[in-house]
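One structure is given below, encoded as structure tokens.
We did not get these values from a lab; they are worked out from the coordinates using the rules stated. Just so you know, these numbers come straight off a predicted model, no measurement behind them. A quick note on method: Cβ atoms are made from the backbone with ideal geometry, for glycine too, and the neighbour counts reach across all protein chains shown.
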Amino acid sequence: MSSTFTRRSVLASAAASFPALGARKIPVGLELYSVREELKKDLPGTVRAVAKMGYECVEFYSPYFEWTAAQAKEIRALLDDLGVKCYSTHNSARSFLPENIGHAIELNQIIGSRLVVMASAGRRIDTLDGWKQVASQLTEGAAKLKSAGMRAGFHNHAAEFRPIDGVRPMEVLAKNTPRDVVLQLDVGTCVEAGSDPVTWIRQNPGRIASMHLKEWSKTTGYKALFADGAAPWKAIFDAAEKTGGIEFYLIEQEGSDFTPFDTAERCLATYRKMRK
């Protein structure tokens, strides 16, 4: 990679892909996996409900890949009607295969997304060489996405922050992918794995364009509502906005003691209070 590829050029590339955010007005959205059962039953109704709560953007997850172009156009019309954006999608590793990435590009372009995130490696990987292969797949996909005016990303789970032979897989992915590949930070799984999300953000300036605001607690695990667990949110937001290059936040909840819609609404209300 050219040594002239600086943090400034990374951020400039990001600015070209996403709308201007003004005076640090960063959109907050919902990863729709949080309301997955409702989405299966009634996709348009679920997106409308999420928009009514006040979410500014949504992130569709892997089942979206089965849409036709016509279905994607219907979803785009719905989003436009609601005034809601889709800046990114979650994808299985197979979406990055040469025979599939064209379809991912087509669907993302239609719905307005400019970030195609590999949601996981799709298999258990026990060696650093295995993670280097994932990095290679991401790099190849990133090149094709870049030619379409888009970016690739990777979303961590706890496994990526658990060391193999003393090295965390996320370090392998960061080191062996271009700097314009987004490292979408899932805060909860990072914390659960014993890593410090603030340090990780600072170690990867300009690469944390997107973040999942997922909570984790020693007592309730991932059922903890946003800000009711162990994550140091104030320091995380500070690092993300000063160093990470954050462009939008996404609340994600795997489940709680409340209904999925109630959970999503409660988490957003807490976020709004925290960010005043």
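For the residues H155, H103, what sequence is obtained by ranking on other C-beta atoms within 10 Å, fewest first?
Details: H155 25, H103 15.
Ascending number of Cβ neighbours within 10 Å: H103, H155.
Fewest first, what order do T243, T259, T46 take by the number of other Cβ atoms within 10 Å?
By the 10 Å Cβ count, ascending: T259, T243, T46.
Counting only helical runs of four or more DSSP H residues, what would the 222 nm mean residue ellipticity of the chain come to if each run contributes -39,500 (n - 2.57) and the total is spread over all its residues?
So the calculated ellipticity at 222 nm is -12500 deg cm²/dmol.
Using 1/(1 + (r/R0)^6) with R0 = 41 angstrom and r between the beta carbons of R48 and A235, what's the FRET efficiency to the nearest 0.05? Write out the running numbers ahead of the final one.
Working: r = 35 Å, r/R0 = 0.85.
The calculated FRET efficiency here is 0.70.
Taking the simple approach of a point 7 Å from Cα along Cα-to-Cβ for both S136 and I164, what is their distance in nm?
Modelled inter-label distance: 1.4 nm.
Provide the percentage of antiparallel DSSP beta bridges, counting only those with both residues in the chain; round to the nearest 5.
Taking every DSSP beta bridge within the chain, about 5 percent pair in antiparallel fashion.
With +1 on each Lys and Arg Cβ and -1 on each Asp and Glu Cβ, and nothing else charged, work out how big the dipole of region 23-274 is about its Cα centre, in Debye to the nearest 20. Don't skip to the answer; put the middle values down first.
Values: 32 positive and 32 negative charges, 109 e Å.
Approximately 520 debye in magnitude.
Can you find, among G206, A264, I111, the residue farthest towards the positive end of the dipole of region 23-274? Put +1 on the C-beta of Lys and Arg, -1 on that of Asp and Glu.
The listed residue farthest towards the positive side: G206.
Mind listing the long-range amide H neighbours of Y87? Cut-off is under 5 Å, sequence gap 5 or more, other chains count too, H placed in the peptide plane at 1.01 Å from N.
For Y87, the qualifying residues are V58.
What are the ³J(HN,Hα) couplings of region 104-118, residue after residue, when phi is run through the Karplus curve with 6.51, -1.76, 1.60 and θ = phi - 60°? Round to Hz, x for glycine and proline.
Values, residue by residue: 4, 4, 4, 5, 5, 4, 5, 7, x, 6, 10, 9, 9, 9, 6 Hz.
HN-Hα J couplings of region 82-91 from phi, Karplus 6.51/-1.76/1.60, θ = phi - 60°, integer Hz, Gly and Pro as x?
Values per residue, Gly and Pro as x: 8, x, 10, 9, 10, 8, 7, 10, 9, 9 Hz.
How do F237, F226 rank when sorted from fewest to most other Cβ atoms within 10 Å of their own Cβ?
With the fewest neighbours first, F237, F226 line up as F237, F226.
P(r) of region 23-274 in 5 Å steps, Cα pairs, percent per bin?
1, 6, 14, 18, 20, 18, 13, 7, 2, 0, 0
Checking the table K25/K242; K223/K276; K52/K85; K175/K223; K175/K218; K146/K175 against a 22 Å threshold on Cα-Cα, which pairs fail?
K223/K276; K175/K223; K175/K218
Test of understanding: what is the full-extension gain from T68 to M274, defined as 0.36 nm times their sequence separation minus their Cα-Cα distance? Write down the numbers at each step before the final one.
Details: separation 206, 0.36 × 206 = 74.16 nm, distance 3.95 nm.
That pair, T68 and M274, stretches by 70.2 nm at full extension.
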